[in-house]
Amino acid sequence: MDIDRYLVQNQPGWARLAELSARARWRRSSLDAVEIDELVALYQRTSAQLSHVRTTYRDPELTGRLTRLVADASAAIYGQRSRPGRALGRFFADTFPAAVWHLRRFVAVAALATFLPAVAMAVWLTHDQQALDRSGSPSYRREYVEDRFEQYYSDQPSVVFFTKVTTNNIQVSFTAFGLGLLGAVPGVLILASNGAALGQAAAWMIAAGDGGRFFGLILPHGMLELSAIVIAGAAGLALGWAWIAPGDRRRTDALASEGRRAAAVVLGLMATFLAAGTIEGFLTGSGLPAVVRVGVGASAWVAFVGYLVVRGRGAAARGLTGALGEEPSGPDAAPVGAPAPAGSTG
């Protein structure tokens, strides 16, 4: 059966399940005995259909929709209430990595938009003396290399600097996110602009024979920080693309779907920026050997990327798309005491 026919055939049952679930969550006594039996039966059938959709159609939007529908029905039937700690754990274990995994193609685009200009700018300025001179006077570049660059990391108390850089990084990420949803192109431009500025700083340091100090100060926090900015930009690009090319969905539906996922990404990145800010505020300018500082930063980055890949891919395999409020449900995560899913998948 093709997916369009499957949707037409099962849409009435899903709509009825959504209606009964909403009424039961609002006031359980609003359902009579017949309607409660109908709610349970529809829950069982939709759970089985969710399993069928996951293995047969592999459509992320339909999977996400049924996952939310079954989760809502489960909460209505069993009266489950999420504890804050449990919900937070589920968010970081499943929702956030699933959202980033779902956006991985946009992450690749955002990474290219950031790092290609950075590399191009660095290569250009280090190989073209006239261009290097136009980018900044020799006296200003000398002052930047000898004083300003390293002093930036050590001029203020660690706590103050940590607060400043974390706030700044969050603002940059929100800018990249916000410009991306304006139609994708502005988001690409802001990422490219940040990349070009990074490439210029690298070129100034390398041209002065100080490339080792540049990377020794940038890499400890930069690997995690730049990755988070790229992911924030990717979430904005995904929203912008949903507006430009919603596919077979209504534009408002596409934006709502991507918006729930983008919200999960932005919330998850707050913790990432705190970690990057901690490294930058307390480690980057600490005076420890560069190999130690870079080693700590690289370890944090590898752990972060590994977490996103392993947890994100696993959550996606269970049908999660990372939309905020989405929960694993159905036969793969049935509540204790729940009746086994039954019924036809048709």
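Since every read-out is calculated from the coordinates, none of them should be taken as a lab result. Computed from a predicted model, the values in this text were never measured in an experiment. Methodologically, a virtual Cβ is constructed for each residue, glycine included, from the backbone with ideal geometry; neighbour enumeration extends over all protein chains shown.
Only helical runs count toward this figure. For the chain, summing -39,500 (n - 2.57) over DSSP H runs of n ≥ 4 and dividing by all residues gives -25500 deg cm²/dmol at 222 nm.
Debye calculation, C-alpha points only, no solvent: report log10 I(q)/I(0) for segment 1-134 at q = 0.15, 0.21 Å⁻¹, in the same order as the q values. Results for segment 1-134 at q = 0.15, 0.21 Å⁻¹ read -0.87, -1.22. In order along segment 311-318, the phi-based Karplus estimate (6.51 cos²θ - 1.76 cosθ + 1.60, θ = phi - 60°) of 3J(HN,Hα) comes to 6, x, 5, x, 5, 5, 5, 8 Hz; Gly and Pro are listed as x. The residues neighbouring Gly297, those whose beta-carbon lies less than 10 Å from its own, together hold a net charge of -1 under the Lys/Arg +1, Asp/Glu -1 convention. Peptides 94-106, 289-301, 2-14, 260-272 ranked from most to least packed by the mean count of surrounding Cβ atoms within 10 Å: 94-106, 260-272, 289-301, 2-14. The Cα center of segment 71-144 and the Cα center of segment 192-254 differ in position by 6 Å.
On the basis of the beta-carbon distance and an R0 of 45 Å, Gln11 and Val302 show a calculated FRET efficiency of 0.50. Computed extension gain for Gln130 through Arg318, at 0.36 nm per residue and net of the alpha carbon distance, reaches 62.1 nm.
Quick one: net charge of Leu274's neighbours, Cβ under 12 Å, K/R +1, D/E -1? So the surrounding residues net to -2. Taking every alpha-carbon pair within the chain, the share separated by more than 33 Å comes to 40 percent. Computed log10 I(q)/I(0) for segment 3-81 at 0.22, 0.24 Å⁻¹: -0.96, -1.10, from the Debye equation with unit scatterers placed on every C-alpha and solvent omitted. Relative contact order of the chain: 31 percent, from C-alpha pairs under 8 Å at least 6 residues apart in sequence. Counting beta carbons within 10 Å around each of Thr67, Thr175, Thr55, Thr163 and listing the fewest first gives the order Thr55, Thr163, Thr175, Thr67. Between the Cα long axis of helix 251-279 and the first principal axis of the chain there is an angle of about 50°, rounded to the nearest 10.
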